[in-house]
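Following: one structure in structure tokens, then a few remarks.
The values are calculated or read from the model by the stated rules, or taken from the named source; none is laboratory data. This one's a predicted model, so the numbers in the text were calculated from it and none came from an experiment. Cβ placement follows ideal geometry from the backbone for every residue including glycine, while neighbour counts extend to all protein chains displayed.
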Amino acid sequence: MMSFQFKIPNLNTAFLIGGTILLSACGGGSGDSGSGENLSGEVRIDGSSTVYPITEAVAEEFRSESPGVRVTVGVSGTGGGMKKFSRGEIDIVDASRSMNENEASMAAENNIKYIELPVAYDGLTVVVHPENDWVKDITVAELKKIWAPEAQGTITRWNQVRPEWPDQELHLYGAGVESGTYDYFTEAIVGKSHSSRGDYTASEDDNVLVQGVSTDPYALGFFGFAYYDENQGKLKAVPVDDQDDSNGKGAILPSLETVKDGSYAPLSRPLFIYVNSTAVVRPEVVEFVNFYLDNAAELSEEVGYIQLPAERYEEQRNRFEEFVQSSVQQ
Amino acid sequence: MTNSDLNRYKDKAFQVFGICCTFLGLIVLAVFLIDILIKGLGRIDWDFITSLPSRRAMRAGILTAWVGTLWILVLTALIAIPLGVAAGVYLQEYARKSRLSDFLEINIANLAGVPSIIYGLLGLEVFVRQMGLGESLLAGAFTLSLLVLPIIIVTTREAIKAVPGSIRDASLALGASKWQTIWMQILPASAGGIMTGVILSLSRAVGEAAPLIVIGALAYVPFVPESPLDEFTVLPIQIFNWVSRPQEEFLINAASAIIILLFITFLLNGIAVYLRYRQQKKVKW
């Protein structure tokens, strides 16, 4: 139906550029382990924009291992990705939260079996303006008091949260309601996913929140650790006390160590990939997921997230192997 | 003070107000452009234009994004221009005043105001799923064609309306058929106006990210699309992706990619202005 004539002007440049890439790939990629060299085919990934940087990094490195495999990554969000995943349209979904019941039942309807693999942590960081000298720490109960739906219109000043804090307006900044970050934060703090006050400055773009908190002396906000880490000079992180001494005493600041060892609770959250069981009959998908688990530790830290403890990756590799075995037999 | 003095002052005041409005728009644009140029110009080099996306900002490039944008542009033009111009000609030249044509007119005017993400949802269901095109360039181009069709139809009609009635009458009086009149007189005479509409609409299509993300255009594509059925990414998606990254270097990449996107848009506009100029020189009444 479509004539191919209009391809021609583009094709020359495409060839030229394609040739260059091929050459450079050949130059750099040889000499690695041989197992993936002859693989071809496609691995289709979509989902969370939070997990995207990790998957992008893995896909980029995977190219030098298996240049014949076309790995593509989309960013339709955890919700959008899950929808496609449970329809069987993609092989892997990036998720910044676990699959919810609706999505699970939709997957079951379409006979899709899957495995959930945690690949890294993100530490949701509570931040204030750097000149804020009164907040030394905050408890989960206080955060709940601030963010619960009942707080709307009533908790509007700092001294309402803790009496010794100043009698000044409290300005709130947080993730937009469509994001997985919002779901996780409300679940961890308010106790119910997707439920919070509505009168705060919400944005899906964390850089906007950084901008907001760093220019407002009476601000309190939360977002992913990487955004705090990159803007340390402009922000002050607040240690969070979950009042549970079994996982670290007192208020704890998010850092690579405290998130990794689980003492920064309850705001460190796992990031996942889900793999479709019908996809793992294809060797390129299995190879890719194994490569992902082998390299997630290093690559996730490179893009600003926090690696899981080494034994967790080992555990995921074993679980994935069993999953592949059982899926192939069926 | 006489009445005419007062009127003169009012006139003067309005003139000043008008100048202020004009400059306000221009200043905002200038600030934006200068900011982008300062941030992004230093990052643009041959490697940036010919490299694949990467997690390392300094190594990342926009090859797949700009090639995808060009593909989308060409395909959208091929689909939307014939459809839009034909629809405009029909509505202006053939359609009798009837309930049906009123209905069509109102709907086209409404369609021009529908948010682009809605077209994305429509495209996802119709082109990606029902027609089985997948997340391909073709599905993206069809979706964007729907988005820009109303603009093309409306400007085509306006351009045809502007052709003097005497031209039409003369052509018909010399024995030309209706179709001959349209094809050999009306369309050439209105080509300049139609072209303007086409360019405006394609410039809009080039900047869209939302509907393409909805239909499943990707963010990481490590290969250049080679056929209309390949998966793709476009510059606005790449820019959107980089802008939301925490690392400062990615923001600089985004600024550079914006410069390239602006360059493509300006190039397009330049071609249109040139074509229109040539066309206008040919048409003399």
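Brief remarks follow.
- Test for B:Ile106: is it exposed (fewer than 13 other Cβ atoms within 10 Å of the Cβ), assigned to a helix (DSSP H, G or I) and assigned by TED's automatic domain parsing to the domain that holds B:Asp230: yes
- Selected residue (criterion: nearest to the other protein chains (Cβ to nearest Cβ)) from residues of region A:64-80 that are over 30 Å from A:Glu101 (Cα atoms) and part of a strand (DSSP E or B): A:Arg70
- With respect to being under 30 Å from A:Asn111 (Cβ atoms), touching an Asp or Glu at 6+ places or on another chain (Cβ under 8 Å) and crowded, with 21+ Cβ neighbours inside 10 Å, A:Leu271 fits the description.
- Of all residues in region A:211-240, those being touching a strand residue (DSSP E or B) at 6+ places or on another chain (Cβ under 7 Å) and within 11 Å of chain B (Cβ to nearest Cβ) number 4.
- Lone qualifier among A:Ala226, A:Ala237 - being surrounded by fewer than 21 Cβ atoms within 10 Å (Cβ to Cβ) and in the same structural domain as A:Leu172 (by TED's automatic domain parsing): A:Ala237
- Residues of region B:236-250 that turn out to be surrounded by fewer than 24 Cβ atoms within 10 Å (Cβ to Cβ) and either more than 18 Å from B:Leu33 (Cβ to Cβ) or more than 8 Å from chain A (Cβ to nearest Cβ) (or both), as a count: 9
A quick yes/no check of all residues on (1) loosely packed, with under 13 Cβ neighbours inside 10 Å; (2) within 14 Å of A:Asp216 (Cα to Cα):
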residue	(1), (2)
A:Asp133	yes, yes
A:Asp137	no, no
A:Pro149	yes, no
A:Gln152	no, no
A:Asp167	yes, no
A:Leu172	no, yes
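- Count - residues of region B:196-235 that are of a type in the set (Gly, Ala, Ser), assigned to a helix (DSSP H, G or I) and surrounded by fewer than 24 Cβ atoms within 10 Å (Cβ to Cβ): 2
- A:Leu220 surrounded by 19 or more Cβ atoms within 10 Å (Cβ to Cβ) and within 18 Å of the chain's Cα centre (by Cα): no
- Note on region B:129-184: enclosed helices (runs of 4 or more DSSP H) holding 3 or more residues that are loosely packed, with under 13 Cβ neighbours inside 10 Å and out of contact with any Cys (no Cβ under 9 Å at 6 or more places or on another chain) are B:165-173.
- Meets criteria (touching a Leu at 6+ places or on another chain (Cβ under 8 Å), under 26 Å from B:Leu138 (Cβ atoms) and either surrounded by fewer than 23 Cβ atoms within 10 Å (Cβ to Cβ) or of a type in the set (Gly, Ala, Ser) (or both)) for B:Ser256: no
- Screening A:Leu172 with (1) out of contact with any Asp or Glu (no Cβ under 6 Å at 6 or more places or on another chain); (2) without any contact (Cβ under 8 Å) to a residue 24 or more places away in the chain; (3) under 29 Å from A:Glu257 (Cβ atoms) gives one miss only, at (2).
- Residue count for region B:41-69, restricted to those that are outside any helix (DSSP H, G or I), over 15 Å from B:Ala219 (Cβ atoms) and free of Cβ contacts under 8 Å to residues at least 60 places away in the same chain: 4
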